[in-house]
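Dumping the structure here so I can ask a few things about it.
The values are calculated or read from the model by the stated rules, or taken from the named source; none is laboratory data. All of these numbers come straight from a predicted model, not from anything done at the bench. Because the Cβ atoms are built from the backbone with ideal geometry, glycine has one as well, and the counts that use them run over all protein chains shown. The protein model used for the area step is the full one, side chains on, heavy atoms only, and it has no ligands, DNA or RNA in it. Shrake-Rupley method; radii C 1.70, N 1.55, O 1.52, S 1.80 Å.
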Amino acid sequence: MYISSHATLRTTPRPVAWVREAALSKLDLGIHASVVGLDFLSKYFEVPYPLSKLDMICPPEMSPNAMENWGLITYRYHSLHSYQACTYACSCCSAVCCNIEPEWGALDQFVVKKQQSVMALDALKSSHPVSVPVPDPAIINEIFDTITYNKGASVIRMMSKFLTERVFREGLRNYLTTL
């Protein structure tokens, strides 16, 4: 049985989380993170969230830690409210985590926890580019790994540093508004 939990905060859209009754006590951070994250990203890019809804589902078991879909975010049951789930989901935009829980110091920890660890993996012969062709949908899970997320996040972080934050934000805002 799944139960819907509506955020009491006045946001548009209002996030709705669908979880098993046993996970209701773990919803606070997930709802809080989605509200703060939507607000931060809308202001940062000066682009409103384009959908009328944001659903979050927390199934008891699923392969990835989290998955972002159009209007739907899924989380693993055991990591719904944890620091690791938040930093994993926010690896490409650590500033979101800094606004959700500033004391976690996500931006301060990024280079050590994400960038340096992925550089060691990326040095292996088994490494792969961030973007690769997917000839068969059956192998998609093999492609979304630490290298894809952490190397991708590192490249995005480096771009924001060498382009400057202002130019980086303007470029992404232009991209988002011309889709």
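Looking only at residues that are of a type in the set (Lys, Arg) and free of Cβ contacts under 8 Å to residues at least 24 places away in the same chain in region 150-179, which one is farthest from Val111 (Cα to Cα)?
Arg166
Still on this structure, I have one more. For region 154-175, what are the residues that are farther than 19 Å from Val118 by Cα and modelled with pLDDT under 90?
Glu165
What do you reckon, is Leu51 open to solvent by 20 Å² or more (accessible area, probe 1.4 Å), at pLDDT below 80 and not assigned by the TED database to the domain that holds Glu165?
For Leu51, the condition - open to solvent by 20 Å² or more (accessible area, probe 1.4 Å), at pLDDT below 80 and not assigned by the TED database to the domain that holds Glu165 - is not met.
Same structure, new question: Restricting to region 141-179, count the residues that are β-branched (Val, Ile, Thr) and either more than 16 Å from Ser126 (Cα to Cα) or touching a strand residue (DSSP E or B) at 6+ places or on another chain (Cβ under 8 Å) (or both).
Residues in region 141-179 being β-branched (Val, Ile, Thr) and either more than 16 Å from Ser126 (Cα to Cα) or touching a strand residue (DSSP E or B) at 6+ places or on another chain (Cβ under 8 Å) (or both): 6 in total.
Can you confirm whether Ile147 is over 21 Å from Leu107 (Cα atoms) and among the aliphatic types (A, V, I, L, M)? Full working, then the answer.
Numbers: over 21 Å from Leu107 (Cα atoms): no; among the aliphatic types (A, V, I, L, M): yes.
So Ile147 fails the test.
Let me ask something else. Would you say Val19 is among the β-branched types (Val, Ile, Thr), modelled with pLDDT of 75 or more and either over 13 Å from the mean Cα position of the chain (by Cα) or open to solvent by 40 Å² or more (accessible area, probe 1.4 Å) (or both)?
Yes; evaluated as a whole, the condition is true for this residue.
For region 121-179, what are the residues that are open to solvent by 60 Å² or more (accessible area, probe 1.4 Å), in contact with a Ser or Thr (Cβ under 8 Å, 6 or more places away or on another chain) and among the β-branched types (Val, Ile, Thr)?
Selection gives Thr146 alone.
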